Amino acid sequence: MDIVTNTASSILKLFVILAIGMIGMKKGIFTQEGNKKLTDLLLDIVSPILIFTSYQTPFSPAKLHSLLQVIALSFLSMGVAIFFSIIAVSKHAQSKDYLVDRMSLMYTNCGFIGLPLLQVMFGKEGVFLVTGYISVFQIICWSYGVVMLKGKVTGKDLLNILLNPNMIAIFIGLPCYVTGFTLPDIILAPMQQIAAMNTPLAMLVVGASLAMNSFKDLFLSARGYFITIMHNIVYPVLFLIFGRLLLAKLGWPNDIVWLTVLVSTACPIGSTSPMFALRFGRDNTYASALLGLSTLVCIGTIPAILFANGLISF
């Protein structure tokens with residue numbers, strides 16, 4: 001019960017910052033273009049530095065083993081998401097765009113919501129472990145996700161995986177961690193100060209983005225509620241049951257590994273969905289509304305999933 005209470009408290013604190021972002025956008029302090037620049041700052045500088053600095057810690061075989069377990073569980077989670085999205089949303093769905101619905105079911109906001117939340121919950125170790133989920137997420141997005149939307153993957157799409165700043169931070173940070181290489185404090189300390197900006201900046205960006213949606217788009221779409229329930233509750237519960245059944249046979253992982261992947265899975269619809277919708281000519285407005293509704297209700301659904309996790313034992 002403590003983990004549920006602590007998580008709910010952490011989400012509430014994050015939502016206070018999110019609400020400030022919404023107010024800032026409504027008052028004109030933020031602009032749409034300004035919010036895009038903040039998003040670029042977060043994705044291209046702050047988040048990669050946070051990931052890199054999480055690897056600037058003494059090497060531990062046990063922690064590396066935990067990271068590999070997160071990666072394995074993340075592939076399982078994304079596999080469940082792909083299968084579930086195909087089953088839950090048919091090609092003949094009465095929706096503005098059934099592929100937007102499928103994207104919304106598949107992609108979670110592991111970057112803007114999961115990373116700050118796990119940072120608050122587990123500190124540096126939470127950031128360290130969630131890099132495994134983020135890596136798998138990027139691979140699935142730019143491979144299966146692109147194939148789903150345009151039917152093929154080009155060399156440029158594959159290059160986008162490798163050149164994503166967060167992936168570069170992992171490619172550089174992980175060898176540093178394994179070899180024990182650490183930057184001098186005169187460089188590392190300023191980087192850690194930048195990394196500390198991740199949580200408040202991410203929540204301000206999400207809040208400002210939500211404020212750009214009309215309340216009509218957010219709350220008056222029956223299809224939106226259906227997709228939100230499927231994404232925020234049904235999908236993570238399916239992963240919870242399937243994962244716990246499988247893990248009972250294997251006898252692993254430890255609690256923090258499991259909770260890292262479960263929280264990442266239970267995060268609201270990812271910002272990748274409207275961004276991909278815009279890039280590939282789908283209904284970006286609808287995708288943004290789904291993201292907004294899912295984000296607002298996650299304040300209750302993430303603790304509920306963790307509560308259910310505490311009730312299930314095999």
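The values are calculated or read from the model by the stated rules, or taken from the named source; none is laboratory data. Quantities reported herein were computed from a predicted structural model and do not represent experimental measurements. Note that each Cβ is placed from the backbone with ideal geometry, even for glycine, and that neighbours are counted across all protein chains shown. Heavy atoms of the whole protein, side chains included, go into the accessibility calculation; ligands, DNA and RNA do not. Shrake-Rupley method; radii C 1.70, N 1.55, O 1.52, S 1.80 Å.
Observations on the structure shown:
- Note on the chain: GNM, Cα springs under 10 Å; of 178, 237, 70, the largest mean-square fluctuation is that of 178.
- Counting only protein heavy atoms and a probe of 1.4 Å, the accessible surface of the chain is 69% carbon and sulfur.
- Max mean-square fluctuation residue, GNM over the chain, Cα-Cα springs under 10 Å, options 133, 144, 235: 144
- This model, with +1 at the C-beta of Lys and Arg and -1 at the C-beta of Asp and Glu, gives the chain a dipole about its Cα centre of some 600 debye.
- Across the stretch 225-236, coupling constants 3J(HN,Hα) worked out from phi with the 6.51/-1.76/1.60 Karplus curve, θ = phi - 60°, read 5, 4, 5, 5, 5, 4, 6, 7, 10, 5, 4, x Hz, and Gly and Pro carry x.
- Pairs of Lys residues in the chain that lie 8 or more places apart, or on two chains, and have C-alpha atoms under 27 angstrom apart add up to 27.
- The stretch 1-84: trypsin sites (Lys or Arg not before Pro) in DSSP coil with no more than 12 other Cβ atoms inside 10 Å: 27
- Å² of accessible area per residue within the stretch 78-187, as computed with a 1.4 Å probe and no ligands counted: 41
- Rounded Å value of the spacing that divides the Cα centres of the stretch 4-33 and the stretch 193-267: 16
- Evaluated with a Cβ-only charge set (Lys, Arg +1; Asp, Glu -1), the stretch 1-71 carries a dipole of roughly 180 debye about its Cα centre, given to the nearest 20.
- Close amide H contacts of residue 108 (hydrogens built in the peptide plane, cut-off under 5 Å, sequence separation of 5 or more or a different chain): 270.
- Spread of Cα-to-Cα distances over 10 Å intervals beginning at zero, given as percent, for the chain: 6, 28, 37, 24, 5, 0
- Here the 3J(HN,Hα) profile of the stretch 285-299, calculated from phi with Karplus coefficients 6.51, -1.76 and 1.60 at θ = phi - 60°, is 4, 4, 4, 5, 5, 4, 4, x, 5, 4, 5, 5, 8, 5, 4 Hz, Gly and Pro shown as x.
- Relative contact order [Cα under 8 Å, 6+ residues apart], the chain, whole percent: 35
- Highest-fluctuation residue, 116, 236, 58 considered, GNM on the chain with Cα pairs under 10 Å: 58
- Residue by residue, the stretch 178-193 carries 3J(HN,Hα) couplings of 5, 7, x, 6, 10, 6, x, 4, 5, 9, 5, 4, x, 5, 5, 5 Hz when phi is fed to the Karplus relation 6.51 cos²θ - 1.76 cosθ + 1.60 (θ = phi - 60°); x denotes Gly or Pro.
- Calculated [θ] (222 nm, deg cm²/dmol) that DSSP helices of n ≥ 4 give over the chain, each run adding -39,500 (n - 2.57): -24000 deg cm²/dmol
- Distance in nm between pseudo-label sites at residue 31 and residue 97 (7 Å out along the Cβ direction from Cα): 2.6
- Rotationally averaged projected area of the stretch 1-156 (alpha carbon convex hull; nm²): 12.6
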